[in-house]
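Data first, discussion second: the structure below is written as structure tokens.
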Amino acid sequence: MNLEKQAETLNDLILINNDRVEGYQKAIDELKPEDSDLRILFQERVEQSSLNRDELAPAVVRGGEEIAEGTMVSGKIYRAWMDVKAFFSGNNRRAILDNCVFGEEAALRAYEEALNSEDLTPEQRAIVIRQQAEIQVSYDEIRAMREMLG
């Protein structure tokens, strides 16, 4: 088991959770006052992502590596795309939910890649599987909300 690769894998998940925090904060900022249901949902996602980061960080430190800070390049691209899309769409619910679905798909891909790594311990793998399942529930919920809009 390669501790450096293990830390890299976990740091990638920390970065994707940083992306989720920033992405959902951006989505909250784009909401209209009448979108209180989305505001609550997105705030829950911010909290979920923060907890995910906090749960992953100790394993990186135990491996002797530093915890990643900032966001992934893809996350910066995602947030820039969200800015452009929101500008042209008049900040409507559908556009915001489209962007959230896009972000959750990116997170699910990152978790799938992490699970393909052979460098995670059984305990780390269990954490990643549980977090992935939580993100899948989030993804399904946001997709369902988007589909209800037609």
For this session: Run Asn92 past the list (1) at pLDDT 90 or above; (2) surrounded by 13 or more Cβ atoms within 10 Å (Cβ to Cβ) and report the number of the one that doesn't hold.
Result: (1)
Exercise. Looking at segment 9-20, which of its residues are modelled with pLDDT of 90 or more and either hydrophobic (A, V, I, L, M, F, W, C) or over 19 Å from Ile129 (Cβ atoms) (or both)?
Worked result: Leu10, Leu13, Ile14, Leu15, Ile16, Asn18
Exercise. Any idea which of Asn52, Asn99 is out of contact with any Ser or Thr (no Cβ under 7 Å at 6 or more places or on another chain), at pLDDT below 90 and surrounded by 17 or more Cβ atoms within 10 Å (Cβ to Cβ)?
Worked result: Asn99
Exercise. So which of Leu56, Leu15 ends up being within 17 Å of the chain's Cα centre (by Cα), farther than 27 Å from Ile96 by Cα, assigned to a helix (DSSP H, G or I) and not basic (Lys, Arg)?
Worked result: Leu56
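The values are calculated or read from the model by the stated rules, or taken from the named source; none is laboratory data. Since this is a predicted model, take the numbers as computed values, not measurements. No Cβ is skipped: glycine too gets one built from the backbone with ideal geometry, and neighbour counts run over all protein chains shown.
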